[in-house]
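First the structure, in the form of C-alpha cells, and then the observations on it.
The values are calculated or read from the model by the stated rules, or taken from the named source; none is laboratory data. Just so it is clear, the model here is predicted, and its values are computed rather than measured. Virtual Cβ from ideal backbone geometry, glycine too; neighbours counted across all protein chains shown. When the accessible area is computed, the model is the full protein with side chains, heavy atoms only, and any ligands, DNA or RNA have been set aside. Shrake-Rupley method; radii C 1.70, N 1.55, O 1.52, S 1.80 Å.
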Amino acid sequence: MKYCFGIDIGGTTVKLGLFQEDGKIRDKWEIKTRIEEKGRNILPDIAKSLMNRLEKEGISKEEVTGIGIGVPAPITEEGFVKSTANLGWEEKNVKSEMEELTGIRTATGNDANVAALGEMWLGGGRGCKNMIMVTLGTGVGGGILIGGRILTGAHGAGGEIGHLCVNYGETEKCGCGNYGCLEQYASATGITRLAKKRLESTEQDSTLRKGPVNAKTVFDAVKAGDRLADEIAVEFGRYLGYALANLAAAIDPSVIVIGGGVSKAGKVLIPYVETPYKERAFFANQDVTFALAELGNDAGICGAAKMVLD
C-alpha cells in the first residue's frame, strides 16, 4: 500500500490528512497555524507533524508518494508565493522548502482551487472534468478545473472569482482595493450588506427586523416565506448568476458547485442563482448543472491529496 498526505493551510489551523492511494482517508487531524515571526514555523511544524504521524503508523517515507498542500494565497505551479494576507509569508517557495524539510515530493496549489479539485474528485462535482466552484464565505473564493486540471494562471491567481467586477457604479471599496467586486454582494458579509441596505430603504414588514441580520437569518427567513428576505435573495442571486454566466462563456463548465458557509442554507439557494444564470448564459452553456459542495472542511485535504495522486 502506498500513501500520501493532503494539507490545507488556514490562518488559524492547518488541516492534515493521511490518505491511501485508493483515496481513502486513513487519518485526519489539525495543528495550530503559528503565524508569528512572519509564519516561519508553519512549514517546519507541518513537517514535524507528518513525520510523527508516519512513525505512529509505522509507515516509512518510501511508502509515501507525496505531499499536497493548499495555500491561502496566489501560488505558482512551481510553488512560489509572493505574499499572503493571513500567514505573514513573503517571497517563499513552499514546494522546495517542504521537500527540503521532509525529503518527500510536494505539490502545491491555491487553497480554493485545491478544494475545487477535491469536490471534483469526491464531492459535488464528482465525475466532471470541467467545473467552476464558487465558495461563499466571509469572502468569495473559487476554483476552476479544465480537463480535470486546476487553472493556476501566470501568477497563481486563477479562479479569483470573487474579484470579478459586477457593479461599475459601486462607490464603496472591496477589501482588495477595487470597487464593485462580486465579493461585495455574494459573500456572507455581502449578503448582510445587501440586507441592511434593503431594510433601511423600505418600511416593509419582515422577520429580519426582529433579530440579527446575516446571511443565515436571511435564508432562514426565505424558507419561512418572508417576502423582503426573498427580494434580498433575488438581488444576491442576480449578481452571482450573471457573474457565473459570464465566466461560463470562457470556461464552458459542465457543473457549477457552490460551497462555503452560505451554501449551508441548502438547496433553497440554487434557484436564486440558476434562474439569473440562465437568463444571461450563452446558449451553449445553458445546460450546466448546479450542485452544492459535499465535502465541507475535508475538501481542501482531499484536493491536496488528489494533486499528488495525479
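Every residue, every condition in (1) of a type outside the set (G, A, S); (2) in contact with a Gly (Cβ under 6 Å, 6 or more places away or on another chain), yes or no:
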{"position": "V222", "(1), (2)": "yes, no"}
{"position": "A229", "(1), (2)": "no, no"}
{"position": "K264", "(1), (2)": "yes, no"}
{"position": "T275", "(1), (2)": "yes, no"}
{"position": "A299", "(1), (2)": "no, yes"}
Practice item. Can you give me the number of residues within region 172-203 that are open to solvent by less than 50 Å² (accessible area, probe 1.4 Å) and farther than 18 Å from L136 by Cα? Key: 3
**Study point:** Scan of region 23-70 for residues that are of a type in the set (G, A, S), part of a helix (DSSP H, G or I) and either at pLDDT below 95 or open to solvent by 70 Å² or more (accessible area, probe 1.4 Å) (or both), ordered by number
**Key:** G39
Point to revise | Failed criterion for F236 (all others in (1) open to solvent by less than 30 Å² (accessible area, probe 1.4 Å); (2) outside any helix (DSSP H, G or I) hold) | key: (2)
Study note, to complete from the structure: Across region 127-148, the tally of residues that are more than 16 Å from K264 (Cα to Cα), open to solvent by 60 Å² or more (accessible area, probe 1.4 Å) and in contact (Cβ under 8 Å) with a residue 12 or more places away in the chain stands at 2
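Only residues that are of a type in the set (A, V, I, L, M, F, W, C) and modelled with pLDDT of 95 or more: list them for region 155-170, please.
As a first pass, look at region 155-170 and keep what is of a type in the set (A, V, I, L, M, F, W, C): 157, 161, 164-166.
Answer for region 155-170, where residues must be of a type in the set (A, V, I, L, M, F, W, C) and modelled with pLDDT of 95 or more: L164, C165, V166.
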Practice item. Search region 270-298 for residues being touching a Ser or Thr at 6+ places or on another chain (Cβ under 9 Å) and over 12 Å from I258 (Cα atoms), and hand back the single one that is most open to solvent (accessible area, probe 1.4 Å). Key: D287
Point to revise | Hits in region 205-217 (condition: more than 14 Å from V262 (Cα to Cα) and open to solvent by less than 50 Å² (accessible area, probe 1.4 Å)) | key: S206, L208, G211
Check your understanding: Is it fair to say I75 is of a type in the set (A, V, I, L, M, F, W, C), touching a strand residue (DSSP E or B) at 6+ places or on another chain (Cβ under 8 Å) and assigned to a helix (DSSP H, G or I)?
Key -> no
Exercise for review: Report the residue count in region 1-22 for those that are open to solvent by 30 Å² or more (accessible area, probe 1.4 Å) and not in a strand (DSSP E or B).
Suggested key: 6
Check your understanding: In region 259-310, what count of residues is obtained for those that are in contact with a strand residue (DSSP E or B) (Cβ under 7 Å, 6 or more places away or on another chain), over 24 Å from V213 (Cα atoms), assigned to a helix (DSSP H, G or I) and free of Cβ contacts under 8 Å to residues at least 40 places away in the same chain?
Key -> 1
**Study point:** Odd one out for F283 among (1) over 30 Å from G147 (Cβ atoms); (2) over 25 Å from the mean Cα position of the chain (by Cα)
**Key:** (1)
Exercise for review: Can you work out which of the residues in region 203-215 that are in contact with a helix residue (DSSP H, G or I) (Cβ under 7 Å, 6 or more places away or on another chain) and of a type outside the set (A, V, I, L, M) is farthest from E231 (Cα to Cα)?
Suggested key: G211
